Amino acid sequence: MAAAVLAAGLTAACGTSSPPVGAAAASVAGPSPEVSSSGAPSATASASASAAGQASASTSPPAPPSTSASTPIGSSPTPSRTRTATPTRTPSQPPRTSAAPAPARIPGPGYDSSVGQAQVDAALRAAKADGRMVLLDFGANWCGNCKAADKVFAQPQTAALLGESYHLVKVDIGGSSSAASALLRKYSPGGGSYKMPVLVVLSPSGTVRTDTHATGNPSLTAEGINSFLRQWAS
């Protein structure tokens with residue numbers, strides 16, 4: 001932050017020249033008075049003496065030299081300094097970025113028979129709010145393939161993918177619940193024999209994007225499930 005300094009130079013004034021001191025006034029020498037034979041000064045001598053007196057009285061002494069009040073030569077004048085206004089600096093601000101939403105909750109292993117349409121609707125509302133997809137996992141607690149998928153879902157990388165991009169809803173279709181069976185047919189209407197787990201991806205609007213009952217399950221390994229999740233995340 002540099003202030004611009006303007007130096008205003010001051011010109012030192014010199015004193016005025018004085019007339020030479022001690023100039024002698026011209027002396028008027030009168031002629032020698034003439035004495036008349038009678039002992040009285042003559043008229044000529046009187047006139048000469050009078051003229052000499054007038055000449056001496058009219059001569060005035062010389063004026064003393066005037067002293068100038070200006071800055072003497074050789075002294076250092078003090079320059080006047082003018083400061084310009086210091087510009088205000090505004091700290092640079094980084095561009096604003098919206099914070100990433102917190103990871104969605106991931107259900108633990110196994111299936112809850114109480115989960116139904118209400119939970120699916122809640123997941124769809126959350127998806128509309130944050131833009132994630134909804135993953136429906138239809139299975140049963142006694143299903144070996146479903147247990148294998150649960151183990152993969154619990155792995156850190158797969159759990160991160162799920163929490164970042166999906167709202168997971170696990171529906172138990174291993175019992176005799178007619179509501180669960182109706183929910184399966186609603187989102188996987190192909191019918192026939194279902195090979196569990198049945199994985200259905202819904203968009204936030206509720207549209208079915210993919211249904212593994214129609215396409216076949218991915219490999220129930222970390223590589224296979226992670227590839228499936230990335231494919232349908234957006």
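Since every read-out is calculated from the coordinates, none of them should be taken as a lab result. Nothing here was measured: the structure is a model prediction, and the numbers come from that model.
Each listed q (0.15, 0.16, 0.25 Å⁻¹) maps to a log10 I(q)/I(0) for the range 97-178, found by the Debye formula over equal Cα scatterers with no solvent: -0.56, -0.63, -1.25.
How large is log10 I(q)/I(0) at q = 0.10 Å⁻¹ when the Debye formula is applied to the Cα atoms of the range 102-234, each weighted equally and without solvent? Here the Debye-derived log intensity ratios amount to -0.27.
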